[in-house]
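J.: Mind having a look at this structure? Questions to follow.
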Amino acid sequence: MRDFPLASYTEALRRRQIREFAYTHRRPGDYVEDHLIPLELSGGLSGPRNLWPQLKLAHGGWGAGRKDDLEPVPNLLVYSGTLGYALLRRKVAG
């Protein structure tokens, strides 16, 4: 089973979303397509509502790599019973 969408799909989606979201920084190669709700928490694999362009390097260090480093934390909170799954999904999705 794939745990990521095809690159051809995410590249086209990233370009479209950068335009639709009116990002001021428009170089698609500076972004990765990232999951809003992590797959470990049942986030959609390839739906455009769960994918969004995230800068690889961002001001303050909050780029894609740093977010990836933090993704296990919500999983641990849910699976330890510290935080409810439904509440976490609502908070992450905004």
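Every read-out reported here was derived from the displayed coordinates using simple, explicitly stated rules and does not represent laboratory data. This structure is a prediction, so every number in the text was calculated from the model and none was measured. Every residue, glycine among them, receives a Cβ derived from its backbone with ideal geometry; neighbour counts consider all protein chains shown.
J.: Which of rounded, prolate or oblate describes the chain when judged by the alpha-carbon gyration tensor and an a/c cut-off of 1.5?
T.: Prolate shape, in that a/c is at least 1.5 and a/b is the bigger ratio.
J.: Using a Gaussian network model of the chain whose springs link C-alpha atoms within less than 10 Å, name the residue from Gly63, Gly44, Gly84 with the highest mean-square fluctuation.
T.: Its mean-square fluctuation being the largest, the pick is Gly84.
J.: May I pose another question? Relative to the first principal axis of the alpha-carbon coordinates of the chain, what is the inclination of helix 7-20, with its axis defined by its Cα atoms, in degrees from 0 to 90 and to the nearest 10?
T.: For 7-20 against the chain, the angle is about 80 degrees.
J.: Then there's this: Per residue of region 24-31, what does 6.51 cos²θ - 1.76 cosθ + 1.60 with θ = phi - 60° give for ³J(HN,Hα)? Whole Hz please, x for Gly and Pro, Karplus curve as stated.
T.: In residue order, the calculated couplings are 7, 8, 10, 8, x, x, 8, 10 Hz.
J.: Please find, in a Gaussian network model of the chain (springs between Cα atoms separated by less than 10 Å), the residue of Pro38, Pro72, Pro48 whose mean-square fluctuation is greatest.
T.: Its mean-square fluctuation being the largest, the pick is Pro72.
J.: Follow-up question, since we're still on this one. How far apart, in nanometres, would the label points at Asp69 and Leu57 be if each is projected 7 angstrom from Cα along the Cα-to-Cβ direction?
T.: Distance between the two pseudo-spin positions: 1.5 nm.
J.: OK, next. Pick from Gly60, Gly47, Gly29: which residue has the top mean-square fluctuation in a GNM of the chain where Cα pairs under 10 Å get a spring?
T.: Of Gly60, Gly47, Gly29, the Gaussian network model singles out Gly60 as fluctuating most.
J.: In what order do Arg90, Arg15 fall by count of nearby beta-carbon atoms within 10 Å, going from fewest to most? All intermediate terms of the calculation are to be shown ahead of the outcome.
T.: Details: Arg90 10, Arg15 14.
So the residues, fewest neighbours to most, are Arg90, Arg15.
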